[in-house]
Amino acid sequence: MTQALSHWRFFRAGGFDQVRLDTAEELLAIDQLDQKLWVALSCPVKGIEFDSRTLAFVDSDADAQVRAPELIAAVQWAGARLKNIDVLAQQLPGVPLDAIRDDDAEGLQIAVAARELLADVGGHDGMVTVEAASAAQVRYAERALAAWQAAGQAAQPLGDATEAAHAALTAVAEKVEDWFVRCRLAAFDTRAGDALNAADETLSSLGSGGTLTADADSIAALPLARVQAGAALPLGAGLNPAWAARMATLRDAAVTPLLGSREALSEADWLALKDKLAPYVTWLAGKPDPAAEGDGVRLLEKLAHYVRDLMPLANNFVAFRDFYTRQGKATFQVGTLYLDGRSCDLCVAVNDAGRHAALATLSRICLIYCDCVRNGEKLSIAAAFTAGDSDQLMVGRNGVFYDRQGRDWDATITKIVDHPISLRQAFWSPYKRLARFVAEQLQKLAANKAAASETHLVTSVVDGSKKAVTPAAAPPPFDVGKFAGIFAAIGLAVGALGTAVASMLGGLFALSWWQLPIALAGLLLIVSGPAVLLAWFKLRSRNLGPILDANGWAINARARINIPFGTSLTQVAQLPPNAERALSDPYAEKKAPWAWYGAILAVLLLAVFAWYLRAHLQ
């Protein structure tokens with residue numbers, strides 16, 4: 001049990017309190033911290049940027065998830081194995097030899113392994129690095145294999161030919177044992193001799209089955225030779241044809257070199273042959289496993305990983321310090337996506353974009369799912385866009401993704417989870433929608449007019465050809481009433497429009513000069529206010545939790561991403577400081593005479609205003 005911490009320190013980020021873990025004492029006391037105050041209670045061992053070997057050590061039940069009790073157990077084990085616990089907070093590359101506690105059996109094993117390792121690598125600073133501790137297993141396996149090979153010289157009675165003799169014996173051992181057992185049964189009871197040999201019906205069925213081959217399964221199943229009480233096993237004539245070749249190999253590779261030349265093998269000879277090869281069999285069974293770990297070697301590697309990694313792991317598990325302080329990347333941030341003039345730092349790895357998006361959409365964050373490809377490798381990511389707008393984000397657009405190792409991947413958008421990105425986007429969204437609607441209607445109108453013109457042209461050509469062969473009919477008489485009605489309708493429409501414009505302008509000009517800005521602001525508020533208000537609520541409720549929960553995390557806090565913090569996660573393209581910028585563009589479009597247009601519009605407005613005042617003053 002660790003000593004109770006006198007007081008805890010917290011910092012506020014993301015709209016909630018997070019514990020500060022800066023000292024070894026604070027780290028060792030996390031078992032005393034109420035788990036309701038932990039940011040996460042579980043995280044996957046795959047899909048995050050953290051040393052996989054460290055996570056494998058912490059994941060004691062090997063279920064691919066690191067949970068709070070496992071992290072607590074890892075911290076307590078490391079604290080119990082150290083004389084100086086302060087090394088846990090010093091960001092060392094490994095564990096110093098003089099910090100290892102060696103006053104118990106386990107600690108002594110670790111210390112001995114550390115001394116041997118430092119002697120092998122010539123480490124004079126006493127630091128057992130993670131890399132050296134990981135390589136110690138390889139050296140241990142090499143030494144164990146060399147010792148095993150040296151011991152094998154005395155276990156090989158035929159030298160290098162012993163392997164072939166053992167293989168020949170192993171190939172027939174079961175069948176030979178079977179034959180000698182049958183012979184012992186025949187000696188026990190004479191009636192067993194006939195019963196244990198092939199029956200007449202069995203031999204007859206072999207002859208009636210068609211063409212026979214020496215290696216047929218039905219022949220191989222017969223006894224190795226004729227069963228008789230006290231008989232010796234022939235090594236040449238009289239053997240089952242299916243086993244003749246293997247028995248010849250046994251005779252040449254094992255029997256003759258070890259027992260001398262023989263035409264038959266008694267049971268005593270067979271036992272003697274096995275005895276001569278028994279040391280070799282025992283030696284083979286003792287071959288060291290390359291994955292086997294020596295006493296203290298694995299524990300030393302585990303301690304080196306823990307000293308280096310437990311503090312960063314806790315600060316990406318108990319708290320999200322790296323993420324919210326922006327001093328480094330969190331474990332779930334797998335890289336940076338560059339696309340549409342922006343760089344997105346909040347990128348997480350995903351396995352299935354559809355399944356991930358089903359839960360991640362609850363985060364209220366605009367997510368762009370991309371398939372990334374590099375030299376035949378594939379990777380899927382979800383990137384959060386938290387600044388700018390989404391006007392140019394569409395499925396199929398390409399970008400570049402840089403992983404944490406600095407490698408670049410070709411990224412293509414495959415799915416978009418649309419949510420507000422910024423208040424600026426929300427403010428202009430009604431006008432952009434109106435502009436798109438007007439543009440679409442104008443395009444439809446232009447297309448309809450073009451189609452009507454083409455139809456009229458074709459009709460005219462056809463009618464013209466008909467008139468060439470048919471006498472022209474008299475034109476219809478001019479209908480004065482019809483055109484009068486049309487002109488009257490046009491006049492009413494123009495009048496109504498003018499009245500509406502005049503009423504609006506009259507209302508504006510009736511205001512005092514200081515009321516005009518307020519009225520215009522109110523008009524803008526009426527148009528853009530609802531969209532901005534809705535976006536404001538969504539932006540304030542953005543939550544990191546669903547994005548990580550969809551990846552297998554168990555997020556325990558409302559890890560909000562407010563507007564200022566979200567803006568820092570996506571960088572918009574900006575010119576560097578003190579950059580020179582030439583404003584002249586040789587290919588710029590010619591500017592329209594907007595000044596003249598404005599003057600004409602002002603004159604028209606003044607005329608309408610004057611007409612309105614005159615009409616109402618009379």
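The values are calculated or read from the model by the stated rules, or taken from the named source; none is laboratory data. These numbers come from a predicted model, not from an experiment. Please note: Cβ atoms are built from the backbone with ideal geometry, for glycine as well, and neighbour counts cover all protein chains shown.
Condition (residue is closer than 30 Å to residue 129 by Cα and assigned to a helix (DSSP H, G or I)) applied to the stretch 275-297: is it met by at least one residue?
Yes, some residue in the stretch 275-297 is closer than 30 Å to residue 129 by Cα and assigned to a helix (DSSP H, G or I).
From the residues in the stretch 54-86 that are touching a residue at least 12 places away in the same chain (Cβ under 8 Å) and surrounded by fewer than 15 Cβ atoms within 10 Å (Cβ to Cβ), which one is nearest to residue 549 (Cα to Cα)?
Ranking the candidates gives 64 first.
When you go through 56, 62, 73 one by one, which is the residue that is more than 24 Å from residue 138 (Cβ to Cβ), under 34 Å from the mean Cα position of the chain (by Cα) and small (Gly, Ala, Ser)?
On the way: 56 fails: more than 24 Å from residue 138 (Cβ to Cβ); 62 fails: more than 24 Å from residue 138 (Cβ to Cβ).
None of the others qualify; the one that does is 73.
Which ones in the stretch 537-555 are within 18 Å of residue 423 (Cα to Cα) and either at pLDDT 70 or above or crowded, with 20+ Cβ neighbours inside 10 Å (or both)? Let's see the steps before the verdict.
In the first step, residues of the stretch 537-555 are kept if they are within 18 Å of residue 423 (Cα to Cα); the result is 537-543.
Scanning the stretch 537-555 gives 538, 539, 540, 541, 542, 543.
All but one of (1) touching a residue at least 24 places away in the same chain (Cβ under 8 Å); (2) surrounded by 13 or more Cβ atoms within 10 Å (Cβ to Cβ) hold for residue 143, so report the exception by its number.
Among (1) touching a residue at least 24 places away in the same chain (Cβ under 8 Å); (2) surrounded by 13 or more Cβ atoms within 10 Å (Cβ to Cβ), residue 143 violates only (1).
So, residue 380, is that one of a type in the set (Ser, Thr, Tyr) and over 19 Å from residue 333 (Cα atoms) or not?
Judged against the criteria, residue 380 is not a match.
Here are some conditions: (1) loosely packed, with under 15 Cβ neighbours inside 10 Å; (2) outside any loop (DSSP other than H, G, I, E, B). Residue 114 meets all but one. Which one does it not meet?
(1)
To keep it simple, each residue is scored yes or no on (1) under 25 Å from residue 432 (Cβ atoms); (2) free of Cβ contacts under 8 Å to residues at least 60 places away in the same chain.
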| site | (1), (2) |
| --- | --- |
| 368 | yes, yes |
| 371 | no, yes |
| 380 | no, yes |
| 386 | yes, no |
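So, in the stretch 331-370, how many residues would count as being assigned to a strand (DSSP E or B) and of a type in the set (Phe, Trp, Tyr)?
The number of residues fulfilling the criteria is 2.
Let's see how each residue does on (1) modelled with pLDDT of 90 or more; (2) assigned by TED's automatic domain parsing to the domain that holds residue 58; (3) surrounded by 15 or more Cβ atoms within 10 Å (Cβ to Cβ):
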position	(1), (2), (3)
225	no, no, yes
235	no, no, yes
242	no, no, yes
260	yes, no, no
291	no, no, no
307	yes, yes, yes
336	yes, no, yes
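Taking only the stretch 371-396 into account, find how many residues are under 19 Å from the mean Cα position of the chain (by Cα) and in a loop (DSSP other than H, G, I, E, B).
The number of residues fulfilling the criteria is 2.
What is the one condition in (1) farther than 30 Å from residue 66 by Cα; (2) crowded, with 16+ Cβ neighbours inside 10 Å; (3) at pLDDT 85 or above that residue 572 does not satisfy?
All conditions are met except number (2).
Residues are listed down the side, and each one gets a yes or a no for (1) surrounded by 16 or more Cβ atoms within 10 Å (Cβ to Cβ); (2) of a type in the set (Val, Ile, Thr):
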{"site": "94", "(1), (2)": "yes, no"}
{"site": "98", "(1), (2)": "no, no"}
{"site": "101", "(1), (2)": "yes, no"}
{"site": "110", "(1), (2)": "yes, yes"}
{"site": "119", "(1), (2)": "no, no"}
{"site": "137", "(1), (2)": "yes, no"}
{"site": "154", "(1), (2)": "no, no"}
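State whether the residues of the stretch 313-323 include one that is surrounded by fewer than 18 Cβ atoms within 10 Å (Cβ to Cβ), in contact (Cβ under 8 Å) with a residue 60 or more places away in the chain and either under 20 Å from the mean Cα position of the chain (by Cα) or not in a strand (DSSP E or B) (or both). First the steps, then the outcome.
Of the stretch 313-323, the ones surrounded by fewer than 18 Cβ atoms within 10 Å (Cβ to Cβ) are 322.
Checking which are in contact (Cβ under 8 Å) with a residue 60 or more places away in the chain leaves us with none.
Within the stretch 313-323, not a single residue is surrounded by fewer than 18 Cβ atoms within 10 Å (Cβ to Cβ), in contact (Cβ under 8 Å) with a residue 60 or more places away in the chain and either under 20 Å from the mean Cα position of the chain (by Cα) or not in a strand (DSSP E or B) (or both).
Within the stretch 1-49, which residues are over 24 Å from residue 326 (Cβ atoms), among the charged types (D, E, K, R) and surrounded by fewer than 16 Cβ atoms within 10 Å (Cβ to Cβ)?
31, 34, 36, 46
Of (1) free of Cβ contacts under 8 Å to residues at least 12 places away in the same chain; (2) part of a strand (DSSP E or B); (3) not polar (S, T, N, Q), residue 328 satisfies all except one. Which?
Unmet for residue 328, out of (1) free of Cβ contacts under 8 Å to residues at least 12 places away in the same chain; (2) part of a strand (DSSP E or B); (3) not polar (S, T, N, Q): (2).
How about the stretch 230-261: which of its residues are closer than 18 Å to residue 180 by Cβ, in a loop (DSSP other than H, G, I, E, B) and without any contact (Cβ under 8 Å) to a residue 24 or more places away in the chain?
239, 240
What do you reckon, is residue 163 assigned to a helix (DSSP H, G or I), at pLDDT 85 or above, of a type in the set (Asp, Glu) and assigned by TED's automatic domain parsing to the domain that holds residue 238?
yes
Pick from the stretch 338-350 the residues that are out of contact with any Ser or Thr (no Cβ under 7 Å at 6 or more places or on another chain) and more than 19 Å from residue 405 (Cβ to Cβ): which of them is surrounded by the fewest Cβ atoms within 10 Å (Cβ to Cβ)?
In this case the residue turns out to be 341.
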